[in-house]
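Inspection log for the structure reproduced underneath, given as structure tokens.
The values are calculated or read from the model by the stated rules, or taken from the named source; none is laboratory data. This one's a predicted model, so the numbers in the text were calculated from it and none came from an experiment. Cβ placement follows ideal geometry from the backbone for every residue including glycine, while neighbour counts extend to all protein chains displayed. We work out accessible area using only protein heavy atoms, side chains counted, and drop any ligands, DNA or RNA first. Shrake-Rupley method; radii C 1.70, N 1.55, O 1.52, S 1.80 Å.
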Amino acid sequence: MGLVIIFALVALLGLAATLRAFKDKNILAILFAGGSTAVFGWFAVMTLVNNGFPTLVH
């Protein structure tokens, strides 16, 4: 579950960077931040789908 949280946090930071790059009209930053957002977002979703939601009972 920790891996999903880390991937999701990186994807959210990438999304914030993408929005800032759009505001600054920086094409290279849009490509890199958008790419990292897409990749880490995909990893987060697929890890969650593959492993499922963890049970909260220890």
V49 versus K25, label points 7 Å from Cα toward the beta carbon: distance in nm?
3.8
For the chain, calculate the relative contact order in percent as a whole number, restricting contacts to Cα pairs under 8 Å that are 6 or more residues apart.
47
Need one number: convex hull volume per residue for the chain, Cα atoms only, in Å³.
58
I5 and A38 label points (each 7 Å along its Cα→Cβ direction) are spaced in nm at 2.9
Whole-number accessible area per residue in Å² for the chain, which is evaluated in the context of all protein chains at 1.4 Å
80
Where trypsin sites (Lys or Arg not before Pro) fall in DSSP loop in region 5-58, at most 11 other Cβ within 10 Å:
K25
³J(HN,Hα) computed for each position of region 7-16 - Karplus, 6.51 cos²θ - 1.76 cosθ + 1.60, integer Hz, glycine/proline x
4, 5, 5, 5, 5, 5, 5, x, 5, 5
What is the percent carbon and sulfur in the accessible area of the chain, measuring with a 1.4 Å probe over the protein chains and ignoring ligands?
76
